[in-house]
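*Asks:* Pasting a structure below so you can have a look.
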Amino acid sequence: MTTLHSTSSTIYSSTRTIRIGSRKSQLALIQTYWVQEQLQKRFPNISFEVQTMSTQGDKILDVALAKIGDKGLFTKELELAMLNEEIDFAVHSLKDLPTRLPEGLMLAAVTERENPADALVVHEKYKDKQIDTLPEGAVIGTSSLRRLAQLRHQFPHFTFKDVRGNLNTRMAKLDDGEYDALILAVAGLQRLGMSDGCAGLHLRIHQVLPTDVSLYAVGQGALGIECRSDDLEVLSLLKAIEHIPTRDRVLAERAFLRELEGGCQVPIGVDTQLQADTLTLTGLVASVDGKQVVKDSVTGFVNEAEQLGIQLAQSLRQQGAQDILEEIFKTVHRG
């Protein structure tokens, strides 16, 4: 990962210890320790320590995510700790961070995005297959309604089964034959060393799914760092590791999701492309059964990123997205 900002380490000589909040999962800790390392390099005179905690989403592993609700499923406990001044900021997978934050908290920085795409991971017996050549009835594991809806739309002949647990747990279930394939985020597999380019490690990404098969989740592949909005020192520190092009892209995506009043457990997918000062945002809303799909794109100047997200949401609403979402909201708990 690289960053656009560099801040002189001589500016700060605070004796304050900055407490970083993180979930306890292996992936969450890898991400949090990376943020800690980047900050420590830039500010060697400041102490950064990591504090871990379990969230509701970590504790409930036998229920589909959509049935639990998504309002702060992986963030609420960390946010309470920030508001209680037990930690100073929290590192999240940005796709897990709700678009509406509690009063007193803000999205302080966004790090450079890894590949935001979804990945196909297959059982050994299907190592010669791609997503479109897996056999009829193949059991595909995913905990995401977004992935489920899009794949049902294109591959109605597959059998879909919910899968929970951390990445290693899911991989073990796949290898034991409980599933024929899993759909997971490329970024998470890369950060855990399960992708190509990680010599000597177990490679698991079989196929990176193109966006015409699966649009990715809002914020997927990026880290979102949340802190108290009145903590100016921490805000200033965090800006040193912000990646502006990524922030521009995800601001458009999050505005799109917020305008649709969706959450991370609703079938809403996006793709953003940034070229110079021009941003193109593609968005999709699908019914859970995959039979209804509304998709469109908007293009505009990057400094209007949030307005582009709102514009796209309004366009999809007019094309029937609102009816699809209202039907979903009848059955999916929004927290």
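The values are calculated or read from the model by the stated rules, or taken from the named source; none is laboratory data. Given the structure is predicted, the values throughout are model-derived calculations rather than measurements. All Cβ positions, glycine included, derive from the backbone under ideal geometry; neighbour counts span all protein chains shown. Side chains are part of the model used for accessible areas, which takes the heavy atoms of the whole protein and leaves out ligands, DNA and RNA. Shrake-Rupley method; radii C 1.70, N 1.55, O 1.52, S 1.80 Å.
*Asks:* Kindly provide the GluC sites (Glu not before Pro) of region 109-180 that DSSP labels as loop, not H, G, I, E or B, and whose Cβ sees at most 13 other Cβ atoms within 10 Å. Intermediate values should be presented prior to the final figure.
*Replies:* Values: sites: Glu112, Glu114, Glu124, Glu136, Glu178; in loops: Glu112, Glu114, Glu136, Glu178.
Filter output for region 109-180: Glu136.
*Asks:* Sticking with this structure for a sec: Which of the residue pairs Lys95/Lys330; Lys95/Lys161; Lys76/Lys125 have a Cα-Cα distance greater than 31 Å in the structure shown?
*Replies:* Working: Lys95/Lys330 23 Å; Lys95/Lys161 22 Å; Lys76/Lys125 40 Å.
Beyond 31 Å: Lys76/Lys125.
*Asks:* Taking square-rooted eigenvalues a ≥ b ≥ c of the alpha carbon gyration tensor, is region 98-139 rounded, prolate or oblate, where a/c under 1.5 means rounded and, failing that, a/b exceeding b/c means prolate? Walk me through the numbers on the way to the answer.
*Replies:* Working: a/c = 5.09, a/b = 2.91, b/c = 1.75.
Prolate, because a/c is 1.5 or more and a/b exceeds b/c.
*Asks:* Please work out the FRET efficiency for the pair Ser236 and Lys127, using the Cβ-Cβ distance as r and a Förster radius of 35 Å; give the result to the nearest 0.05. Please report the intermediate quantities before stating the final value.
*Replies:* Working: r = 49 Å, r/R0 = 1.41.
Efficiency at R0 = 35 Å is approximately 0.10.
*Asks:* What FRET efficiency comes out for Thr299 versus Ile30 if R0 is 30 angstrom and r is the Cβ-Cβ distance? Round to the nearest 0.05. Before the final figure, lay out the partial values.
*Replies:* Values: r = 35 Å, r/R0 = 1.17.
Efficiency for this residue pair is about 0.30.
*Asks:* Still on this structure, I have one more. Would you kindly give the portion of the calculated P(r) for region 146-251 that falls above 15 Å, as a percent of all Cα pairs? It would help to have the intermediate numbers written out before the result.
*Replies:* Working: 4085 of 5565 pairs.
Tail of the P(r) past 15 Å holds 73 percent of the pairs.
*Asks:* Two decimals is fine: what's Rg over Rh for region 237-278, C-alpha atoms, Kirkwood radius as Rh?
*Replies:* On the way: Rg = 12.4 Å, Rh = 11.8 Å.
Radius of gyration relative to Kirkwood radius: 1.05.
*Asks:* Between Asp176 and Val50, what is the FRET efficiency for a Förster distance of 25 Å, r being their Cβ-Cβ separation, to the nearest 0.05?
*Replies:* After rounding, the FRET efficiency stands at 0.15.
*Asks:* Please identify the trypsin sites (Lys or Arg not before Pro) of region 200-274 that satisfy two criteria: DSSP loop assignment and at most 12 other Cβ atoms within 10 Å. Which are they? All intermediate terms of the calculation are to be shown ahead of the outcome.
*Replies:* Values: sites: Arg204, Arg228, Lys239, Arg247, Arg249, Arg254, Arg258; in loops: Arg204.
Taking region 200-274 and a limit of 12 other Cβ atoms within 10 Å, no loop trypsin sites (Lys or Arg not before Pro) are found.
*Asks:* Next question, about the same structure. Using a 1.4 Å probe, what is the accessible area per residue for region 71-216, in Å²?
*Replies:* 41 Å²
*Asks:* Also: What whole number of Å gives the distance from the Cα centroid of region 133-150 to the Cα centroid of region 220-267?
*Replies:* If we compute the Cα centre of each part, the gap is 29 Å.
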